[in-house]
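Enquirer: Handing you this structure, nothing more for now.
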Amino acid sequence: MRPHEGTVLGVAIALPEPYAGELQAARERFGDPEAKTVPTHVTLLPPTTVDTVLVPEIRTHLATVAAQAVPFRMRLRGAGTFRPVSPVVFVTVAEGIGGCERLERAVRSEVLARPVEYPYHPHVTVAHDLPDEVLDRAIDDLTAYQADFVVDSFVLFEHADGRWEPDRTFGFAGT
């Protein structure tokens, strides 16, 4: 019997326009090579390799999570960093942290249960694995950044051909 093939999935809140485009353009300005392959997002489930035969069950699980979720306001404000632990600069989630935490716990359960490497910290990455002076500039450039929108869905992404491609969007109950 042949072993099942694996696929790499991720689940995230996709930022709406114009914010997604603004932050992707900023990531490109900073020279982040992932700017063109990673959609602007707040992670709910980091890249996770799963057996391909589980994908239908994962979609069903995510549909259930979305059906039980309620829309919430997200406000992004300013920039932060994970340095010195990790060379990352991000836009800070100033409002909506609780909504993100509830979604992350629900998504990362049942068929998607997995241990976490770091405590969950919702954020929008804008610069990763770049020289310190570039990371410093990213923080300076985004200190005054603000965005305000309603989160009413999340997206299942699949990593294919070096890019993160949306597989399906899951709208929340009542949206």
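Enquirer: Step by step: first the residues of region 158-175, then only those that are open to solvent by 70 Å² or more (accessible area, probe 1.4 Å) and not hydroxyl-bearing (S, T, Y), then the one that is farthest from L103 (Cα to Cα). Which residue is that?
Expert: Checking each candidate, the answer is D161.
Enquirer: Checking the structure you have, find out if any residue of region 32-53 is more than 26 Å from A160 (Cβ to Cβ) and modelled with pLDDT of 95 or more.
Expert: no
Enquirer: Do we have G162 as within 17 Å of the chain's Cα centre (by Cα) and on the phi > 0 side of the Ramachandran plot here?
Expert: In short, yes.
Enquirer: Which condition does G78 not pass, out of (1) part of a loop (DSSP other than H, G, I, E, B); (2) closer than 18 Å to Q24 by Cα, if it passes all the others?
Expert: Checking G78 against (1) part of a loop (DSSP other than H, G, I, E, B); (2) closer than 18 Å to Q24 by Cα, the one that fails is (1).
Enquirer: For region 122-150, what are the residues that are under 18 Å from G96 (Cα atoms) and either free of Cβ contacts under 8 Å to residues at least 24 places away in the same chain or not in a loop (DSSP other than H, G, I, E, B) (or both)? Spell out how you get there, then give the answer.
Expert: Narrowing region 122-150 to residues under 18 Å from G96 (Cα atoms): 122-125, 145-150.
Across region 122-150, the qualifying residues are H123, V124, T125, Q146, A147, D148, F149, V150.
Enquirer: Applying the selection to region 135-157, what residues are hydroxyl-bearing (S, T, Y) and crowded, with 16+ Cβ neighbours inside 10 Å?
Expert: Filtering region 135-157 for residues hydroxyl-bearing (S, T, Y) gives 143, 145, 153.
Listed by number, the residues that qualify are Y145, S153.
Enquirer: Kindly establish whether A69 is surrounded by fewer than 17 Cβ atoms within 10 Å (Cβ to Cβ), at pLDDT 95 or above and of a type in the set (A, V, I, L, M).
Expert: No.
Enquirer: Applying the selection to region 1-48, what residues are open to solvent by 50 Å² or more (accessible area, probe 1.4 Å), in a loop (DSSP other than H, G, I, E, B), more than 18 Å from D152 (Cβ to Cβ) and not basic (K, R)?
Expert: M1, P3, H4, E5
The values are calculated or read from the model by the stated rules, or taken from the named source; none is laboratory data. If you're wondering where the values come from, they're calculated on a predicted model, not measured in any experiment. In this analysis, Cβ positions are derived from the backbone assuming ideal geometry, glycine residues included, and neighbour counts consider all displayed protein chains. Ligands, DNA and RNA are stripped out before the accessible areas are found, and what is left, the full protein with its side chains, is counted by its heavy atoms. Shrake-Rupley method; radii C 1.70, N 1.55, O 1.52, S 1.80 Å.
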